[in-house]
Amino acid sequence: MDEPDDTVPTPAGTCTEPSCTVTADGPCAKGHDPIDCDSFELTPPSDGDPVEHAPKTDGRLPLPSGEALRPVELRTVLSRHPTARTVPLGGVDAGKTTLFAVLFEMLTADRLPTWTYSGSSTTLGFARRSHLAAMRSKRKHATTGRTSRLSGDRALHFNARRRTDDEFHSVLLADVSGEHVDELTASGLREPVLVDALADAHHLPIVIDGALAAAPRTREQAIRNAVDLIHLLPTLDLRDDARICIVLTKLDHFGEGHADTVIERVQDAADRSLDFVPEAFQVAARPDRGSGTEPGLGLDDLLNHLVQIPEGRSSSPSPAVPPALDARMLRDLWAGSR
Amino acid sequence: MSGTRIAMVGLPNAGKTTYVAAFWATARATPRPDRHTIVSFPDDPTYLQATADAWFAGRPVDRNRSESIQPIVLSLRRKGRADLKLAIPDLSGESFRDAAADRRILPEVAEVVTECSLVLFFVSAATATTPVSLVDLPPEVEEENEDGDGEDPNGDHQGVGDEEDSDEQHQDDTEHSDQEDDDEQASDQEDHEAADDPAHSSEEFDSKALETDILNAELLQLIAELRDDLDAYPPVLVVVSAWDTVSDLGVTPYEWLRTNQPMFAQVVAEHGRSAAVEVMGISAQGGDYSVDPDITTVRPEERPVVVTKEATHQDIGLPFVWFEDLAGSEPDG
């Protein structure tokens, strides 16, 4: 049974279940994510600029929401400055949202050595995600709190300036649902919102959950998840100059030097199968205090990478993978590489 | 005379009304040649007089809590400068908080901020709040292993190829457990502190409960965005009010802002690339009335304290002097 998602509000719609309060922002009576529930029917979204169409309330004028951007809101942001677009890839609970929430917090708190904060169109979107992550920190058991598939087409935005040369950069981060990514690798299901985001992305960081990769019981699965994604990417419609990289999170979970081994295995798989070695970043956004690891380790270097906008040249050779690679072929490929 | 529209911007309790009260009270007092004095009373001085009287008597000034805009027009004179006419509507802090948090703005407030020639942005040193970062919160408590095999969640923290180091790992786990007890006590305390943090005190995300650092940063961004033309970004003077509460720190107002409102300070710096910005620390009251009730015996023009990066002053009209200098006000004679 899907757990109700508390990351985003309930979408507009109707429910045929008499006892259900989901349309009043209550929980689904069946315990489902509304979009998965057969009793819930979505109201089709309207097109157009949401600000222009927002009704006046109490005579007040609407302002840009400050929440994660919907596709129709992107053009306003993208028209102001050249913007580097990132679509982080990783399964459910890989830590993508927390990673970028912490990155934003460190930036706005003036705690990144290389970067200063220069504004954002989605401050409330970041604040909301930080709030939910903070609430999870106070609970004894992990909760869902993951990015709903409903918000899979949202993006977070910020501007930053490099201290050394004062250069201004605009960054867009797609808030991708891990479920969409898991479905892509498990069954080849290409969720349109994910496919659309990938088609415009300059950067495709493959996020590896360091907690899984550090634990012996789950290490091979973590590596396999990353390699599966690498194999799948050539089958998708990507920019010729899209840059793939590896981001290993929760570095504090590793013993000395062992994180390098995990990364090398993923890079080796990419090199053998796709003929390129992705750049890798090791980060510890929220390390355990007893680990001695500096909070935000690696985020500065990661941001250095993600602000770059490729100039139209392919940054890596075209991977030598046959097209139409489906999940069955992936499993065979994996079994053969062991 | 020149008519200059000034927008006093700030969240509730930021010190906007107290500043106006102090300025009016000092301007209407026996004029000093080097300070602003009034040329004439406003058409309706009721609001100004009431707030100034409260300030004069050492009582906290009632702030504007309503959506109504208290119009304030001042005709001022200062030796060596052209006469100045200032329109400084007193807007409620709630209207600005709603703009930043609810993303709705009263048309009259939007008009003030889009047509002003100067923004006086108030941040109270006494009530300013900064977000507690996720990295500074206690770590998540790991979900208990449902298989009940007794594995220590921290036992999974083994490096690749570490199997041969299991004995050493066991000792590390023991040491880690002792440290965990200490951390748990510390984290309980911090949980209580985090619970007191209004932005984290309930499960529901409430944008109105966000820290002032975030709301102030948003507010300044929104003001800039409401101005259609990039060239029309107004100069911004940040007033760190209640400066007496932090004056012992020995830092400049800008240094205080960078440390205590880092997100807002960075947005101010970014705004400074398009328009003039300045930061001043101001104690309009001159002190804490509950601690120093005799402050009312001090001459009005000697009560306020204004701190710039260069020096400490008593001239509460310095923000307007700064603005006039920007505009290149030509002195008389």
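Nothing in this text is a laboratory measurement; each read-out follows from the coordinates by a stated rule. Only a predicted model underlies this, so the values are computations on that prediction, with no experimental measurement involved. Please note: Cβ atoms are built from the backbone with ideal geometry, for glycine as well, and neighbour counts cover all protein chains shown.
Which of rounded, prolate, oblate describes the range A:70-110, given a ≥ b ≥ c as roots of the alpha-carbon gyration tensor eigenvalues and a/c under 1.5 marking rounded, otherwise prolate only if a/b is larger than b/c? Taking the square roots of the gyration eigenvalues as a ≥ b ≥ c, the range A:70-110 is oblate. Pairs A:Lys96/B:Lys208; B:Lys79/B:Lys309; A:Lys250/B:Lys309: which are spaced more than 31 Å apart, C-alpha to C-alpha? Beyond 31 Å between Cα atoms: A:Lys250/B:Lys309. The listed peptides A:123-129, A:297-303, ordered by packing as a protection proxy, come out as A:123-129, A:297-303 (highest mean of other Cβ atoms within 10 Å first). The stretch between A:Asp271 and A:Ala29, if pulled fully straight at 0.36 nm per residue, gains 82.2 nm over its current Cα-Cα span. A straight line joining the Cα centroids of the range B:255-288 and the range B:5-81 runs 21 Å.
Please state, to two decimals, what the Cα-based radius of gyration of the range B:1-145 comes to when divided by 2.2 N^0.38 Å (N = residues).
Working: Rg = 19.7 Å, N = 145, 2.2 N^0.38 = 14.6 Å.
Against the compact-globule rule of thumb, the ratio is 1.35.
Taking R0 as 22 Å, what FRET efficiency do you get between A:Asp93 and A:Glu220 from their Cβ-Cβ distance, rounded to the nearest 0.05?
Values: r = 17 Å, r/R0 = 0.79.
That pair, A:Asp93 with A:Glu220, gives E of 0.80.
Looking at the square roots a ≥ b ≥ c of the eigenvalues of the Cα gyration tensor of the range A:205-252, which shape do they give, rounded for a/c under 1.5, prolate if a/b is larger than b/c, or oblate? Oblate, since a/c reaches 1.5 and b/c is not below a/b.
Annotation for B:Asp294 and A:Asp200: the two label points, set 7 Å from Cα along the Cα-Cβ direction, are 6.8 nm apart. Database remark: amide H of A:Cys245 closer than 5 angstrom to the amide H of A:Leu204, A:Ile206 (H placed geometrically; neighbours at sequence offset of 5 or more, or on other chains; Pro and chain starts carry no H). From the Cα gyration tensor of the range A:191-295, with a ≥ b ≥ c the square roots of its eigenvalues, which class applies: rounded if a/c is under 1.5, or else prolate if a/b is larger than b/c, or else oblate? Judged from the Cα gyration tensor, the range A:191-295 comes out prolate (a/c at least 1.5, a/b above b/c).
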